[in-house]
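Have a look at the structure below before the remarks.
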Amino acid sequence: LIDYNDLVERLQKLSASPRVQIERLETTVEGRGIYSIIIADEAIIPNLDYHRTWAALAQRPTVRHKSLADVEVTPKPEIPADVRYSVCVMGQTFGHEASHVEGLVELAEHLAWGDDAETKEILSRVIVQIIPMINPDGREVGIELWKRVPLAEDGAAVGNRYGFYINRDFLHLTQPEGRAALASFKKWHPLALYDTHEDAY
């Protein structure tokens, strides 16, 4: 299994690709970074702010209430044809979800270095955002548990270090992991978000 230190090493290697930009979204209670891997066509990487700005404008009409009855909605602007929107894949929300990190890191490496037609087609259309380890403290809890008790029941490793379920916190945002997910979403306004899950059994 990829632990946090392994992930940081893989991210350093990924950052050498001209298609990749690494973002640190937040820091966990135990001081681990929560990272996002941005992958796009080489020509897009220098202009990510342009694409993010238009993505936000496309999804946010301006609404002004002069009064309860008098509402003014600014129409969405005409979006330039060259704008590329992002799609996001996020994994390992729960500490016990073992295979997400490996799968998402392999996906990032394939998109970062692959020269096949499918990779070129994907990157010609969208910006891919991968958050492979949204809950690094929970990941460490899971790995510690499995070292002591291989194939252990997952209850002790389901949350973050405090046992807090990350996807129960997207409203109140009391945990850094939830804040990281929302910050990423608000920055990129992805067209699609896939939050992967698996059964520990």
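Each value in this text was obtained by applying a stated rule to the coordinates, not by laboratory testing. It should be emphasised that the depicted structure is a prediction, and the values quoted were computed from it without experimental measurement. Ideal geometry is used to build each Cβ from the backbone, glycine not excepted, and the neighbour counts take in all protein chains shown.
Here are a few things to note about the model shown:
- Taking 20 Å as the straight-line reach from the Cα of LYS186, the lysines in range (excluding those fewer than 8 positions away in the same chain) are LYS76.
- Peptide ranges 14-25, 62-73 listed from the most packed, as the mean C-beta count within 10 angstrom indicates: 14-25, 62-73
- Relative contact order %, the stretch 45-201, counting alpha carbon pairs below 8 Å whose residues are six or more apart: 30 percent
- Angle in degrees between helix 136-148 and the longest Cα principal axis of the chain, rounded to the nearest 10: 20 degrees
- Karplus 3J(HN,Hα) series, Hz, for the stretch 38-44 with 6.51 cos²θ - 1.76 cosθ + 1.60 (x for Gly, Pro): 9, 10, 8, 3, 3, 6, 8
- Length added when fully stretched, ASP116-VAL63, from 0.36 nm per residue minus Cα-Cα: 14.7 nm
- For the peptides 186-199, 129-142, 155-168, the ranking by mean Cβ contacts within 10 Å, running from highest to lowest, is 129-142, 155-168, 186-199.
- Ordering of 111-118, 3-10 by burial proxy (mean other Cβ atoms within 10 Å per residue, highest first): 3-10, 111-118
- Tilt relative to the chain, helix 100-113 - C-alpha long axis, 0 to 90 degrees, to 10: 50 degrees
- For the chain, the share of alpha carbon pairs falling in successive 10 Å distance bins from zero is 9, 32, 31, 19, 8, 2, 0 percent.
- Estimated D of the stretch 31-146 in µm² per second, where Rh is the Kirkwood radius over Cα pairs and Stokes-Einstein applies at 10 °C, 1.306 mPa s: 94 µm²/s
- Each Cα pair under 8 Å and six or more residues apart adds its separation to the average, and for the stretch 1-52 the resulting relative contact order is 28 percent.
- Hz values of 3J(HN,Hα) by residue in the stretch 55-68 - Karplus curve (6.51, -1.76, 1.60), Gly and Pro given as x: 4, 5, 5, 5, 10, 10, x, 7, 10, 10, 9, 6, 7, 4
- Secondary structure note: in the chain, about 60% of the DSSP beta bridges are antiparallel.
- The stretch 4-106, relative contact order [Cα under 8 Å, separation at least 6], %: 16 percent
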